[in-house]
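Below: one structure, written as structure tokens.
The values are calculated or read from the model by the stated rules, or taken from the named source; none is laboratory data. Please read these numbers as outputs of a predicted model, since none were measured by experiment. Note that we place each Cβ from the backbone using ideal geometry, even for glycine, and neighbour counts take in every protein chain shown.
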Amino acid sequence: MVYVLDKDGNPLMPTERHGKVRRMLKDGRAVVVRSNPFTIRLTYKTTPYTQAVNLGVDAGYSMVGFSAVSGDKELIAGECQLLEGQVERNGERRENGRQRRARKRYRAPRFANRRRPEGWLAPSIQHKLDSHLRLIDFIKSLLPVTEVVIEVANFDIQAIKTPGIQGQEYQEGEQTGFLHLREYILHRDGHRCQNPDCRNKDPHPVLQVHHIGFGRGDATDRPGNLTTLCDKCHRPENHQEGKFLRGWEPKVKSFRPETFMTTVRWRLTGKLKAQPTYGYLTKGKRIAMKLPKSHANDAFCIAGGTEGTRRCALIRIEQVRRNNRCLRTFYDARYIDRRTGQYASGQDLNCGRRTRNKNKNGENLRVHRGPKISKGRYQLRKKRYPYQPGDIVLYDGKKYVVRGTQNHGDYVRLRDVSKPVRADRLKPVRYGKGLRVV
């Protein structure tokens with residue numbers, strides 16, 4: 001499918017006449033605007049006639065399905081992987097702002113002059129909502145969409161947690177009857193370490209509460225982010241990159257997707273003036289057409305597709321972070337581990353001291369520190385290089401994807417090119433940030 005824009009950049013109906021498109025590009029009657037999905041723009045005036053195009057959107061917290069149908073033909077379809085970890089990045093930004101303000105000597109007090117405007121949303125939810133809007137605007141820039149249909153849903157989280165809940169039970173949360181949060185977490189986990197490979201032989205181990213999202217910067221005290229570990233498993237070295245606590249996700253149910261859909265369902269349809277539909281209708285249509293469960297197939301049913309509709313190839317879109325605003329990075333000291341002869345960080349070879357009770361301290365691993373390879377340091381980023389991983393550049397008449405930079409940005413590593421290339425020999429084609437078609 002080739003998507004067509006008129007001379008002013010307005011979308012027209014797409015075409016599958018590839019031979020005609022090739023001749024128009026050769027004669028100069030059209031120019032290429034985008035390579036993926038392939039889009040051209042006409043260089044002459046034409047009639048603005050278009051047909052009705054229905055866009056179906058299967059909204060979601062991490063994955064969004066989309067499909068556009070016109071008559072008996074599907075014009076575009078695919079799935080979009082949204083960016084994860086926005087809550088943690090907002091928390092990091094908040095902490096950096098607090099530190100910066102604390103170092104300012106004569107800062108005027110401004111703790112009571114903040115007002116939330118009407119319609120305010122939490123920043124992480126607002127980010128997801130804006131991502132949906134950007135995706136739909138991107139599709140509208142390719143096709144003359146006349147109607148948007150979005151599947152909305154309202155989730156009763158307490159009923160999901162406790163089936164059959166009713167009446168006064170809705171006023172009693174999951175921590176009812178517990179004095180504080182730690183007591184509830186230990187009771188929920190049966191007063192046992194939740195590490196399946198725990199080797200602690202102590203008959204009365206010291207139990208501690210661990211933040212599951214520690215590696216992502218999520219230090220919130222909601223029950224879904226907490227689990228029980230013993231003092232032998234909950235150690236600093238186990239929090240490092242490559243250790244089992246970094247990225248470890250025990251079976252604790254999170255309701256972020258349900259909360260998001262419940263919050264934004266009417267805002268999304270209101271901003272786009274879209275028609276709402278519901279999950280049970282989508283499911284009935286999908287089962288009747290014997291389609292497998294997927295976000296793209298759900299969007300196809302939402303858009304009004306039928307068994308006689310000719311499907312198109314799926315495209316995949318992923319959302320890439322545009323910029324890392326953290327300017328300071330800490331690099332831990334590195335030593336030779338006398339036991340293995342391999343490199344190890346200072347945190348890996350720590351003293352083992354955790355509490356005032358010396359009997360509960362861990363093994364002193366500092367004795368295994370060999371020669372120091374590099375000392376710990378903070379490094380400030382003072383320069384932003386023009387090419388970032390994922391960017392598409394032109395080199396010797398061919399397009400390549402950037403893998404990274406080196407030599408302070410003077411050289412660039414390209415995919416499928418063995419040696420680095422000087423940056424001044426490259427020409428940018430498209431930056432690989434934001435919504436990127438892969």
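Structural remarks
- Taking the conditions (1) surrounded by 12 or more Cβ atoms within 10 Å (Cβ to Cβ); (2) closer than 26 Å to residue 234 by Cα; (3) of a type outside the set (Ser, Thr, Tyr) in turn, residue 342 satisfies each one other than (1).
- Subset of segment 247-261 [farther than 19 Å from residue 196 by Cβ and either crowded, with 16+ Cβ neighbours inside 10 Å or in contact with a helix residue (DSSP H, G or I) (Cβ under 9 Å, 6 or more places away or on another chain) (or both)]: 254, 255, 256, 258, 259, 260, 261
- Residue in segment 102-121 that is touching a residue at least 60 places away in the same chain (Cβ under 8 Å) and either surrounded by 14 or more Cβ atoms within 10 Å (Cβ to Cβ) or among the acidic types (Asp, Glu) (or both) present: yes
- For segment 53-73, a residue qualifies if it is buried (at least 20 other Cβ atoms within 10 Å of the Cβ) and part of a loop (DSSP other than H, G, I, E, B), and the qualifying residues are 53, 59, 60.
- On inspection, residue 88 fails the criterion of being under 26 Å from residue 295 (Cβ atoms), out of contact with any strand residue (DSSP E or B) (no Cβ under 7 Å at 6 or more places or on another chain) and without any contact (Cβ under 8 Å) to a residue 24 or more places away in the chain.
- Test: residue 293 is in contact (Cβ under 8 Å) with a residue 24 or more places away in the chain and either among the β-branched types (Val, Ile, Thr) or loosely packed, with under 13 Cβ neighbours inside 10 Å (or both): no
- If the condition is being closer than 14 Å to residue 197 by Cα and touching a His at 6+ places or on another chain (Cβ under 8 Å), then segment 234-246 contributes 234, 245.
- Answer from 287, 317, 302 - the residue that is under 19 Å from residue 57 (Cα atoms) and exposed (fewer than 13 other Cβ atoms within 10 Å of the Cβ): 287
- Pair list, Cβ < 6 Å and 6+ apart or interchain, from segment 253-274 residues that are part of a loop (DSSP other than H, G, I, E, B) to residues that are not hydrophobic (A, V, I, L, M, F, W, C): 254/224
- Among the helices (runs of 4 or more DSSP H) confined to segment 112-230, the ones with at least 2 residues that are more than 31 Å from the chain's Cα centre (by Cα) and not aromatic (Phe, Trp, Tyr) are located at 181-188.
- Boolean, residue 410 is at positive phi, surrounded by fewer than 17 Cβ atoms within 10 Å (Cβ to Cβ) and acidic (Asp, Glu): no
- If the condition is being of a type in the set (Gly, Ala, Ser) and either in contact (Cβ under 8 Å) with a residue 60 or more places away in the chain or loosely packed, with under 15 Cβ neighbours inside 10 Å (or both), then segment 417-438 contributes 418, 432, 434.
- Scanning segment 31-80 for residues that are touching a Lys or Arg at 6+ places or on another chain (Cβ under 9 Å) and of a type in the set (D, E, K, R) gives 34, 41, 45, 72, 73, 74, 79.
- Any chance residue 49 is modelled with pLDDT under 95, under 25 Å from residue 300 (Cα atoms) and among the aromatic types (Phe, Trp, Tyr): yes
- Residue in segment 7-29 that is over 30 Å from residue 261 (Cβ atoms) and in a strand (DSSP E or B) present: yes
- Some residue of segment 261-273 being at pLDDT 85 or above, within 30 Å of residue 148 (Cα to Cα) and touching a Phe, Trp or Tyr at 6+ places or on another chain (Cβ under 7 Å): yes
Here is a yes/no grid of residues against (1) small (Gly, Ala, Ser); (2) without any contact (Cβ under 8 Å) to a residue 12 or more places away in the chain:
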site: 304; (1), (2): yes, no
site: 314; (1), (2): no, no
site: 331; (1), (2): no, no
site: 340; (1), (2): no, yes
site: 346; (1), (2): yes, no
site: 350; (1), (2): no, no
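- Any chance residue 50 is touching a residue at least 40 places away in the same chain (Cβ under 8 Å), over 25 Å from residue 323 (Cβ atoms) and surrounded by 14 or more Cβ atoms within 10 Å (Cβ to Cβ): yes
- Here is the figure for segment 132-186: residues that are within 30 Å of residue 205 (Cβ to Cβ) and either of a type outside the set (A, V, I, L, M) or loosely packed, with under 15 Cβ neighbours inside 10 Å (or both) total 13.
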